[in-house]
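Notes follow the structure.
The values are calculated or read from the model by the stated rules, or taken from the named source; none is laboratory data. The model shown is predicted, which means the values in this text are computed figures rather than measured ones. A quick note on method: Cβ atoms are made from the backbone with ideal geometry, for glycine too, and the neighbour counts reach across all protein chains shown.
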Amino acid sequence: MAFNDCADSVGEVPAGYTYLGQFIFHDLSWMAPGPTPCEPINQRSAALDLESLFASGSPASLACGATTDGQPCDIPRTAVGVPLIADTRNDSNLALAQTHVALLRFFDAVSRVTDAQPEAKRLTQLHFQSVVLHDYASRVIDDEVYRDVMEHGRAVIHTDGEDFLVPLEFAGACARFGHAMVRNSYSWSALHPGAHLHAFWDNTYNSAVQPITRLTSHWTADWRRLLGIELGSAEPTIFAARIGTTLAFPLKNIRPQALPPGTRAVSNLAVRTLQSGHSLELSGAQHVHVQVIDRLRRCGRPEFDPLSEQELLDGESAEVRQVLRERSPAGPAPIECTPLWFYVLKEAQVRNQGSKLGPLGSRIVMETLHAAVEAAEPSILRSSDRSGWSTDPRLRPSSPPRYSFADLVRFSGLAD
């Protein structure tokens with residue numbers, strides 16, 4: 001696969017949603033080794049309940065840490081910088097850590113409008129679910145798939161009274177489309193107009209060569225730029241890279257500190273992801289497509305065609321084209337049984353010009369998010385009131401009955 005070390009090809013999704021997506025998917029799954037490589041154990045509940053924020057049970061994990069000049073804009077840390085949060089993966093890059101901070105700040109702000117902490121937690125969970133379903137998903141999911149699931153419910157992922165489990169096709173392939181949205185550099189702030197991806201690793205404890213003990217104040221997120229809100233005429237919105245099979249160059253050789261602990265030292269993100277899909281014994285994308293279409297047809301839902309061989313080949317390097325066509329005695333060529341992650345990236349590129357996922361990736365990601373919200377307690381999809389869930393006016397929604405990531409950031413006091 002190709003790694004771009006030149007100008008980033010950006011789309012229309014503000015870059016803040018790249019790392020919001022990473023936060024969401026961390027909340028749904030944290031896979032540990034199981035009895036076999038293809039049977040991992042999810043250490044998360046799989047429900048979208050902000051377990052990654054609230055699971056530690058420690059009050060210290062819900063209080064913002066201070067930056068070097070005392071601003072409450074860092075994740076809580078020990079004296080030597082170790083993150084005191086329920087999911088330490090959220091300190092693996094600066095933008096993700098700042099997303100975690102935004103949720104901590106939001107919970108703190110919600111706590112100030114209600115007397116009871118359980119109620120503050122409930123309001124935080126419900127409004128975050130609205131951010132995910134009504135804002136995040138609408139930006140990254142194919143329009144037709146998004147409308148179908150929101151209006152008619154799920155057609156592919158059913159729990160049938162059982163506990164919801166995150167599909168391996170989601171965890172091992174489809175949810176990893178966000179890697180392609182990562183840029184080489186970001187106009188992070190007025191002080192850092194060309195922050196390289198390496199700077200995101202440098203400003204953490206987990207991924208830095210020299211771990212930080214507290215975040216330097218001038219590295220805090222400028223959420224106005226990251227979300228494209230409250231900007232002056234000369235201030236740019238930071239947009240995410242388009243989804244496709246070309247990745248940011250630093251992901252070709254990830255520094256050892258930024259790799260998950262206890263894993264094989266494969267530094268190329270594409271290799272790591274494709275190896276993971278192989279270890280999980282994920283079906284090829286063409287087989288997944290057949291299964292999804294069968295379920296859609298039974299429900300009378302909108303169907304879609306698979307990518308043709310030519311669509312899979314177009315725009316790829318000679319090396320990738322050769323590999324896709326290569327046959328072996330053990331099975332079909334990858335062009336006929338394409339790794340699901342590669343296919344999902346290519347589908348987004350071909351069907352939606354990289355601005356959103358294509359229909360197969362969208363169907364799996366959207367239905368997983370929908371099922372995860374429904375499985376949560378509380379859930380905006382299981383309201384006892386027949387009129388359905390609506391936002392709390394105390395949290396200042398900009399367009400009730402939905403809550404956006406911009407609403408969350410503004411209410412947290414991070415868009416000033």
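With respect to (1) surrounded by fewer than 22 Cβ atoms within 10 Å (Cβ to Cβ); (2) over 20 Å from the mean Cα position of the chain (by Cα); (3) modelled with pLDDT of 95 or more, the lone exception for residue 179 is condition (2).
The helices (runs of 4 or more DSSP H) located wholly in segment 96-178 that include 1 or more residues which are in contact with a strand residue (DSSP E or B) (Cβ under 9 Å, 6 or more places away or on another chain) and charged (D, E, K, R) occupy 137-140. Of the residues 211, 250, 256, the single one that is under 20 Å from the mean Cα position of the chain (by Cα) and farther than 19 Å from residue 17 by Cα is 250.
Can you find a residue in segment 28-48 that is in a strand (DSSP E or B), at pLDDT 95 or above and closer than 23 Å to residue 124 by Cα? Scanning segment 28-48, I find no residue that is in a strand (DSSP E or B), at pLDDT 95 or above and closer than 23 Å to residue 124 by Cα, so the answer is no.
When residue 289 is tested against (1) more than 22 Å from residue 178 (Cα to Cα); (2) in contact (Cβ under 8 Å) with a residue 12 or more places away in the chain, only condition (1) is not met. Report whether or not residue 267 is assigned to a loop (DSSP other than H, G, I, E, B), among the hydroxyl-bearing types (Ser, Thr, Tyr) and within 27 Å of residue 136 (Cα to Cα). No.
Among the residues of segment 135-150, is there at least one that is among the polar types (S, T, N, Q) and in contact (Cβ under 8 Å) with a residue 24 or more places away in the chain? Taking every residue of segment 135-150 in turn, none turns out to be among the polar types (S, T, N, Q) and in contact (Cβ under 8 Å) with a residue 24 or more places away in the chain. Going by the structure shown, is residue 348 of a type in the set (Gly, Ala, Ser), under 26 Å from the mean Cα position of the chain (by Cα) and closer than 30 Å to residue 119 by Cα? So residue 348 does not fit the description; no.
Results for (1) surrounded by fewer than 17 Cβ atoms within 10 Å (Cβ to Cβ); (2) on the phi > 0 side of the Ramachandran plot; (3) at pLDDT 95 or above; (4) in a loop (DSSP other than H, G, I, E, B), shown as yes or no for each residue.
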{"position": "193", "(1), (2), (3), (4)": "yes, no, no, yes"}
{"position": "201", "(1), (2), (3), (4)": "no, no, yes, no"}
{"position": "207", "(1), (2), (3), (4)": "no, no, yes, yes"}
{"position": "232", "(1), (2), (3), (4)": "yes, no, no, yes"}
{"position": "247", "(1), (2), (3), (4)": "no, no, yes, no"}
{"position": "257", "(1), (2), (3), (4)": "no, no, no, no"}
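Counting residues in segment 74-81 that are under 20 Å from residue 20 (Cβ atoms), modelled with pLDDT of 95 or more, touching a Leu at 6+ places or on another chain (Cβ under 6 Å) and part of a helix (DSSP H, G or I) gives zero.
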